[in-house]
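Peer 1: What follows is a single structure, and I will ask about it in a moment.
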Amino acid sequence: HDPNVWACWCGQVWDLRSFKCVQTFSDENAVTQNVGAFEHCPSIRRIVSATKKLSAFDQGGDKQLTKVSDDVPITCALFNSTSMTILTASGRTVKIWNALTGTLLRVYRDVTESDITSVCLDDRQRKFIAGETNGSVRVYNYANGAVMKSMVSHTREVSKLLYCNELKVVISCSWDRSIVVHDEMDPEKGVVLRMMDHLRAHDADVSCADWNHAVSVVATGSSDKTVRGWDLETGKLEALLPHPAEVVAVKVRGGCR
């Protein structure tokens with residue numbers, strides 16, 4: 001185009017979560033040419049563009065911005081493939097987000113007695129199980145956040161919860177060094193099926209855990225610099241693996257028993 005011809009140029013604002021155009025803006029007094037730069041000023045909701053002059057565009061309106069993050073650091077997050085939602089836990093609050101649009105769907109405030117430290121979903125993804133800093137383990141309705149039942153508590157912080165879909169059991173690990181297998185089938189209460197051999201327990205806090213149905217082994221890591229493998233059916237120690245540093249994550253591969 002002739003640079004001396006006056007015309008209207010347009011800009012667009014896109015939602016990166018849905019890849020949709022949410023706003024179009026233009027300057028009818030601008031000269032048609034390449035825009036050199038854009039800058040967004042979040043505090044005043046203004047976009048500034050630079051050609052041969054600076055143009056400021058207010059995003060305008062009283063529309064409230066949709067929150068796409070939590071208010072405090074998130075302890076844990078889980079993806080629910082059944083409802084296409086994401087569960088996040090922070091403090092004593094659980095939030096449910098739409099995984100496709102990023103919008104906040106539901107907030108369950110103060111559902112626990114102390115801060116949430118670990119969460120897992122049941123096999124149908126209609127319930128979530130939460131562990132707390134005070135050692136409590138409870139089962140909640142995913143749809144409304146109502147408490148459904150309580151499991152046997154630990155004496156210290158729950159560091160990891162695992163749900164075994166094939167057996168309908170919950171494995172809880174704690175800083176009290178205990179590893180407990182709970183029966184989740186009873187609708188009224190959680191029943192302890194077994195505890196891993198306390199005589200072979202970790203020498204320090206249990207920090208992480210994983211489970212694999214193919215080999216029926218629960219692996220736990222600890223700040224005592226060891227990884228221990230437990231037989232889920234008997235609770236006996238199957239393996240003790242030293243590590244050069246504190247263990248913060250562990251993964252069990254099938255067929256490696």
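The values are calculated or read from the model by the stated rules, or taken from the named source; none is laboratory data. Just so it is clear, the model here is predicted, and its values are computed rather than measured. Neighbour counts run over all protein chains shown; Cβ positions are idealised from the backbone, glycine included. Note: areas computed on protein heavy atoms with side chains; ligands, DNA, RNA excluded. Shrake-Rupley method; radii C 1.70, N 1.55, O 1.52, S 1.80 Å.
Peer 1: Pulled fully out, how much extra length does the chain show between residue 240 and residue 124, if you take 0.36 nm times their separation in residues and subtract their Cα-Cα distance?
Peer 2: Values: separation 116, 0.36 × 116 = 41.76 nm, distance 3.34 nm.
The span from residue 240 to residue 124 would gain 38.4 nm if fully extended.
Peer 1: Straight-line reach from residue 149: which aspartates and glutamates fall under 20 Å, measuring Cα to Cα and dropping same-chain residues less than 8 apart?
Peer 2: By straight Cα distance, residue 149 reaches 110, 113, 115, 122, 123, 132, 157, 183, 184, 186, 188.
Peer 1: Right, here's the next one. How would you rank 147-153, 43-49, 94-100, highest first, on the average number of other Cβ atoms within 10 Å across their residues? Write down the numbers at each step before the final one.
Peer 2: Numbers: 147-153: 16.1, 43-49: 13.0, 94-100: 18.3.
The peptides rank, most packed first, as 94-100, 147-153, 43-49.
Peer 1: If each residue of separation counts as 0.36 nm, what is the full-extension length gain between residue 141 and residue 155 once their alpha-carbon separation is subtracted?
Peer 2: Numbers: separation 14, 0.36 × 14 = 5.04 nm, distance 2.46 nm.
Additional length available on full extension: 2.6 nm.
Peer 1: Give me the percent of the accessible area of region 46-177 that comes from carbon and sulfur atoms, probe 1.4 Å, all protein chains in place. The partial results should precede the final answer.
Peer 2: Values: 3260 of 6560 Å².
With neighbouring chains kept in place, the figure for region 46-177 is 50 percent.
Peer 1: Ok, one more. How are the alpha carbon pair distances in region 212-257 distributed across 10 Å bins from zero to the largest one, expressed in percent?
Peer 2: 30, 52, 17
Peer 1: Quick one: compute a quarter of the convex hull surface over the Cα atoms of region 160-214 and quote it in nm². Each step should come with its number before you reach the end.
Peer 2: Details: hull surface 16.6 nm².
Spelled out: convex hull of the Cα atoms, projected over all directions, averaged, 4.1 nm².
Peer 1: Using protein chains only and a probe of 1.4 angstrom, how many square angstrom of residue 101 are accessible, to the nearest 10?
Peer 2: Approximately 60 Å² of residue 101 is accessible to the 1.4 Å probe.
Peer 1: Moving on to the next point. Would you work out the relative contact order for region 81-215, in percent, from Cα pairs under 8 angstrom that are 6 or more residues apart? The partial results should precede the final answer.
Peer 2: Values: 324 pairs, mean separation 20.1, N = 135.
That works out to 15 percent.
Peer 1: Given R₀ = 41 Å, FRET efficiency for residue 37-residue 79 by Cβ-Cβ distance, to 0.05?
Peer 2: Values: r = 37 Å, r/R0 = 0.91.
In this case the efficiency is close to 0.65.
Peer 1: Can you tell me the dipole magnitude for region 202-247 around its Cα centre, using point charges on the Cβ only (Lys, Arg +1; Asp, Glu -1), in Debye to the nearest 20? List each step's numbers first, then the result.
Peer 2: Values: 3 positive and 8 negative charges, 16 e Å.
The dipole magnitude comes to about 80 debye.
Peer 1: Let me ask you something else. Ordering 240, 54, 78 by how much accessible area each has at a 1.4 Å probe, largest first, what is the list? Can you show the working numbers first?
Peer 2: Values: 240 80, 54 130, 78 45 Å².
Of 240, 54, 78, the descending order of accessible area is 54, 240, 78.
Peer 1: Still on this structure, I have one more. Using label points projected 7 Å from each Cα along Cα→Cβ, tell me how many nm separate residue 15 and residue 105, to one decimal.
Peer 2: Result for the modelled spin labels: 1.6 nm.
Peer 1: Another question, if that's okay. For region 63-185, with only Lys/Arg (+1) and Asp/Glu (-1) charged at the beta-carbon, what is the dipole magnitude about the Cα centre, in debye rounded to 20? Walk me through the numbers before you get to the answer.
Peer 2: Working: 15 positive and 13 negative charges, 75 e Å.
Value, rounded to 20: 360 debye.
Peer 1: Charges on Cβ only, +1 for Lys and Arg, -1 for Asp and Glu, centred on the Cα centroid of region 96-208; of 130, 101, 204, which one is farthest towards the dipole's positive end?
Peer 2: Farthest towards the positive end: 101.
Peer 1: Normalising by the residue count of region 93-156, find the relative contact order in percent from Cα pairs under 8 Å and 6+ residues apart.
Peer 2: Working: 118 pairs, mean separation 13.8, N = 64.
For region 93-156, the relative contact order is 22 percent.
Peer 1: Going by the alpha-carbon gyration tensor, a ≥ b ≥ c the square roots of its eigenvalues, is region 107-221 rounded (a/c under 1.5) or, if a/c is not under 1.5, prolate (a/b greater than b/c) versus oblate? Walk me through the numbers before you get to the answer.
Peer 2: Values: a/c = 1.85, a/b = 1.30, b/c = 1.43.
Oblate, because a/c is 1.5 or more while a/b does not exceed b/c.
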